[in-house]
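Peer 1: One structure, pasted below without further comment.
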Amino acid sequence: ELVDQLSKLPSPGLRDQFQLLSLSSSRSTVYYDIGNDWQSNWRKDIAASDIKPDAQALATRLTQISTVEEVAGLRQGVSFSVIPVLVDNTSSEAVARLYPFFLSRGINVVTPNKKAFSSELTLYEEIVAASLKTGTRFYNESTVGAGLPIISTIKDLIATGDKVTKIEGVFSGTLSYIFNEFSDGKSRDGPSFSSIVSVARQKGYTEPNPADDLNGADVARKLTILSRYIPSLRDKLPDGYKSVSTKSLVPAALDGVRSGDEFVEKLSGYDQEFDKLRSDAFEEDKVLRFVGVIDVASGVIKADLERYTNTHPFVTSLGGSDNIVMFHTERYGARPLIVQGAGAGAAVTAMGVLGDLLRFL
Ligand SMILES: NC(=O)C1=CN([C@@H]2O[C@H](COP(=O)(O)OP(=O)(O)OC[C@H]3O[C@@H](n4cnc5c(N)ncnc54)[C@H](OP(=O)(O)O)[C@@H]3O)[C@@H](O)[C@H]2O)C=CC1
Ligand SMILES: N[C@@H](CC=O)C(=O)O
Ligand code: NA
């Protein structure tokens, strides 16, 4: 999706300022020379390649080609800079742990991958330090709310001197979709929980293993990422998302099932437990929504399944995979700054990544 969006940028103009130099899947890598027609060939090139992904080789390639191009430009009397950027579109922890390596070698990073920014604080600090030392930048808009302007909003609020007092919202596209479909407040029963999880997965909302959405970890990671922008909370979560108080919806017996296919298949054995949650909420004239809260004064950071009446904005405003994030701040007073819209799916996620890439121009 990202390569498609990149190749559809207006040309002449924006698209010509980008050159794809390498592309990797988990199995193979391709390298392109400057001027190579990557836009037409990338699908078949990556499928045909038997070169294995190698971070060291990629870093060498990116730094060498930047220098060669700049020297060639100077020989022709044109002065310009080549800005190498690594785009990590995986959810791999191993790839995320390489950011300090790339940043310290002059390679910028753009990613929707939450792992590096929501794991232990020391990794986050290494990333920030490598970026400051070399002047390289990292952008991660799509790590929270996919393409929705949430990271840019919190950064601007803080940088301009506002004080965030509370952030609350629906941060998971998957759990938003699931509960919008599962618990609409119109009847005590409805479609089975596992069937809706399966559709959310087909629609591309879930993490590679939907258990990472249902166990609340994805929301806890987003809360960690946001907390680290708030000065008084920056150091509060030394172990990252694991330090967030988090409600898991994964049945205990399915903890540790790492195959997404197996997880979804086995989840159907627990549909009756979820039916009961829905009918209990219905008895109270309420619906279920999975929400996240960062309360700055009390330091409470939590991800939980809550019940809401049908008039609450988390119910009236949301459909599909929508996220809603309310920023309560000093300047925004009694009426919060609200960002809302689709928070998952390939198109909106890639848009956030491409928007970050455009920041380098
Ligand atoms: N989907 C969404 O709505 C959103 C996703 N995100 C984040 O975006 C990222 C991607 O999500 P999504 O596209 O849904 O996930 P997918 O599982 O669809 O895609 C992940 C891709 O990463 C590749 N990959 C895995 N490990 C490596 C590796 N070591 N080297 C190179 N490639 C690798 C896989 O390649 P292969 O095909 O070879 O296995 C696969 O193509 C995740 O971090 C997710 O959290 C963020 C916001 C929203
Ligand atoms: N799986 C995540 C994708 C976006 O971060 C979600 O459902 O929100
Ligand atoms: Na975002």
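Peer 1: Filter segment 20-32 down to the residues that are more than 11 Å from ILE51 (Cα to Cα) and more than 24 Å from the chain's Cα centre (by Cα) and list them by number.
Peer 2: Within segment 20-32, TYR32 is the sole residue that qualifies.
Peer 1: Just to confirm my filter: which helices (runs of 4 or more DSSP H) fall fully inside segment 116-233 and include at least 3 residues that are charged (D, E, K, R), within 23 Å of GLY292 (Cα to Cα) and within 16 Å of ligand 1 (Cβ to nearest atom)?
Peer 2: Details: elements: 121-134, 151-159, 173-182, 193-202, 211-214, 217-227.
Those helices (runs of 4 or more DSSP H) span 217-227.
Peer 1: OK, next. Inside segment 323-361, can you point out the residues that are of a type in the set (Ser, Thr, Tyr) and under 25 Å from ASN180 (Cα atoms)? Full working, then the answer.
Peer 2: Taking segment 323-361 as the starting set, the residues that turn out to be of a type in the set (Ser, Thr, Tyr) are 329, 332, 349.
THR349 - this is the single residue of segment 323-361 that is of a type in the set (Ser, Thr, Tyr) and under 25 Å from ASN180 (Cα atoms).
Peer 1: Filter segment 100-156 down to the residues that are among the small types (Gly, Ala, Ser), touching a residue at least 24 places away in the same chain (Cβ under 8 Å) and away from ligand 2 (no atom under 16 Å from the Cβ) and list them by number.
Peer 2: Those that are among the small types (Gly, Ala, Ser), touching a residue at least 24 places away in the same chain (Cβ under 8 Å) and away from ligand 2 (no atom under 16 Å from the Cβ): SER104, GLY106, ALA129, ALA130, SER131.
Peer 1: Now for a separate question. Which of the numbered conditions does ALA159 fail, given that it passes all the others? Conditions: (1) in contact (Cβ under 8 Å) with a residue 12 or more places away in the chain; (2) away from ligand 2 (no atom under 14 Å from the Cβ); (3) not aromatic (Phe, Trp, Tyr).
Peer 2: Failing condition for ALA159: (1).
Peer 1: Would you point out which residue out of SER40, SER81, SER66 is within 26 Å of LEU354 (Cβ to Cβ) and surrounded by 12 or more Cβ atoms within 10 Å (Cβ to Cβ)?
Peer 2: Numbers: SER40 fails: surrounded by 12 or more Cβ atoms within 10 Å (Cβ to Cβ); SER81 fails: surrounded by 12 or more Cβ atoms within 10 Å (Cβ to Cβ).
Going through SER40, SER81, SER66 in turn, the sole match is SER66.
Peer 1: Which ranges mark the strands (runs of 3 or more DSSP E) fully within segment 260-361 that have 3 or more residues being in contact with an Asp or Glu (Cβ under 8 Å, 6 or more places away or on another chain) and under 29 Å from SER243 (Cα atoms)? Reasoning before the result, please.
Peer 2: Working: elements: 286-295, 300-309, 322-329, 337-342.
Once the strands (runs of 3 or more DSSP E) in segment 260-361 are filtered for at least 3 residues that are in contact with an Asp or Glu (Cβ under 8 Å, 6 or more places away or on another chain) and under 29 Å from SER243 (Cα atoms), what remains is 286-295, 322-329, 337-342.
Peer 1: Which condition number does PRO238 fail, the rest of (1) over 16 Å from the mean Cα position of the chain (by Cα); (2) farther than 24 Å from PHE179 by Cα; (3) surrounded by 16 or more Cβ atoms within 10 Å (Cβ to Cβ) being met?
Peer 2: So the condition that PRO238 fails would be (3).
Peer 1: Still on this structure: Take the residues of segment 168-201 that are within 13 Å of ligand 2 (Cβ to nearest atom) and polar (S, T, N, Q): which is nearest to the chain's Cα centre (by Cα)?
Peer 2: Filtering segment 168-201 for residues that are within 13 Å of ligand 2 (Cβ to nearest atom) and polar (S, T, N, Q), the one nearest to the chain's Cα centre (by Cα) comes out as SER172.
Only the coordinates and a few stated rules stand behind these numbers; no lab work does. The structure displayed is predicted, hence computed values, not measured ones. We place every Cβ from the backbone using ideal geometry, glycine too, and count neighbours over all the protein chains shown.
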